[in-house]
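The values are calculated or read from the model by the stated rules, or taken from the named source; none is laboratory data. Because the structure is predicted, anything quoted here is derived from the model rather than measured. With ideal geometry, Cβ positions are generated from the backbone for all residues, glycine too; neighbour counts draw on all protein chains shown. Note: accessible area is taken over every heavy atom of the protein model, side chains too, but ligands, DNA and RNA are not part of it. Shrake-Rupley method; radii C 1.70, N 1.55, O 1.52, S 1.80 Å.
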Amino acid sequence: MTTYKPYGIKEVQELLRQAKGQGLSVWTRHQRQEGMGLDFQNWNKIREIDENNLTVTAERGVTLGELEDAVNRCGLHVAAMTEDLRTVTLGDFFAEQMPCLTVGYYNHPRFQVLGLEVLLPDGAVLQVAGKTVKNVTGYDMCRFYISNRETLALPMAFTLKLVSQEPVQVMLEAALEQENLLMSLVAQLRKRRITPQVFVYWNAAAAEIVKQEGAAGHLMMSFCGNEAKVKRELEAISDLAEEMQIGLQLCTEPEQLWWSLKTLRSHTVWADGLKVPSLHCGVLLEELAAQKIGCWYSPLEGSLHLLPQDADGVQYQALCNRAVELGGCGNWYYQYQYHFAPAGATAIWQKLKEKFDSENRLNPMEIGGAIEHDDKN
């Protein structure tokens, strides 16, 4: 596969025309396939930081670390940014649907995207939404274009909502031998309305991957805000940890924890693989432990990221069925790849692909899902 590194929109449009003329597939997400590859590392400009509207507009090749450094100079912060994401580009972050550690505190990253510049497979450029939180009626095309993993269109630039930079941040950690302690902690945090900025847990199988001593489950959380707010939250969480006999302590080597999370990301096979109500995750965590499947997730949210040793569709389908029994669901993207996505969802996806990319040229997906379906779907 030949990979090109275009500089401007006209060059990208010309490459799309060439690919169509030569009957080539176009790949943008690091896949190693036959066809034409597009690498957007030259799309690396921060176009505007609007301090009045608390927004930033940046091209897809800008890394989250570069973006964070730029907005920090204005006293602002990219809500989805954590240190393990410093080298990840905006394009990859949204195209790969990468897990975000601050969802419980700032909401999902897709809701922080206010506007997009989008390139369609035929080369047309669209400007979608803008700088305000509510400026559209009808279908939310902004969220649509960032949720299809670049199989229907290519986001080329993002306008993101910013938040004020917090003056104080404190990180805590604890080793957990029993997952039922985690569920009890989650229940108490909800009851007492304590919300860490970052709250993440990885199980013993995942701890082995990052070569953690003792290979027990590991809990990490951070609190941020002004000094008085952080002090109150630390006192509350310390009292709770003592009451529950959880050995929570200040993190003395935060860079090691960020390295562990970066490593877990790189080993993740099914990101956002299962969704389960947060207080029902205990049963699933026990079953994953019995199968020695690595897992990490935000306990307040319930979207589990899985690191199986041998990934296959049979195993994933069994896990999805278990998630459904617990009131959750699997990830349609993987269900489609393994040929067991719901028939109605499969039909909708295929109609969208036909509408936006009728030749199945942009990051093509093999026809999967439940192929036989009622035409009414």
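For the reader, a short list of remarks on this structure follows.
- Surface composition of the chain: carbon and sulfur atoms hold 48% of the protein heavy-atom accessible area at a 1.4 Å probe.
- Once backbone amide H atoms are built at 1.01 Å from N, residue 197 has 222, 223, 224 as its partners under 5 Å, excluding neighbours fewer than 5 places away on the same chain.
- Extents of the chain, largest first, come to 67, 51, 40 Å (Cα atoms, principal axes, whole angstrom).
- R0 of 25 Å, Cβ-Cβ distance residue 47-residue 22: FRET efficiency to nearest 0.05: 0.20
- Local charge for residue 58 was computed over the other residues whose Cβ lies under 13 Å away, with Lys and Arg +1 and Asp and Glu -1, and equals -3.
- Over the chain, Cα pairs under 8 Å with separation of 6+ residues give a relative contact order of 15 percent.
- For the stretch 251-267, putting each phi into the Karplus relation 6.51 cos²θ - 1.76 cosθ + 1.60 with θ = phi - 60° gives couplings of 7, 8, 10, x, 4, 5, 5, 5, 4, 4, 5, 4, 5, 4, 4, 5, 9 Hz, in residue order, rounded to whole numbers and with x for Gly and Pro.
- Each Lys and Arg adds +1 at its Cβ and each Asp and Glu adds -1 at its Cβ; summed about the Cα centre, the stretch 104-254 shows a dipole of about 780 debye.
- Paramagnetic reach from residue 244 (point 7 Å along Cα→Cβ, amide N under 17 Å) across the stretch 182-209: 182-204
- Normalised by residue number, the volume inside the convex hull of the Cα atoms of the stretch 201-356 is 161 Å³ per residue.
- FRET E, pair residue 144, residue 180, Förster distance 35 Å, beta-carbon r, rounded to 0.05: 0.30
- Taken about its Cα centre, the chain carries a charge dipole of about 980 debye when Lys and Arg each add +1 at the Cβ and Asp and Glu each add -1 at the Cβ.
- With DNA, RNA and ligands ignored, accessible area of residue 239 (1.4 Å probe; Å², nearest 10): 100 Å²
- Cα-derived Rg to Rh of the stretch 53-107, Kirkwood definition: 0.93
- Equivalent ellipsoid, the stretch 22-79 (semi-axes from 5 times Cα gyration tensor eigenvalues, Å): 33, 11, 8
- Candidate residues 92, 312: accessible-area rank, largest first, probe 1.4 Å: 312, 92
- Loop chymotrypsin sites (Phe, Trp or Tyr not before Pro), the stretch 87-182, which have at most 14 other Cβ atoms in a 10 Å radius of their Cβ (DSSP): 139
- With protein chains left intact and a 1.4 Å probe, residues in the stretch 20-141 average 47 Å² of accessible area per residue.
- Helical runs assigned H by DSSP (4 residues or longer) give the chain a calculated mean residue ellipticity at 222 nm of -10500 deg cm²/dmol, each run adding -39500 (n - 2.57) before division by the residue total.
- Distance between the stretch 188-205 and the stretch 1-69 - C-alpha centres, whole angstrom: 36 Å
- Think of each Lys and Arg Cβ as +1 and each Asp and Glu Cβ as -1; about the Cα centre, that makes the dipole of the stretch 278-339 roughly 40 debye.
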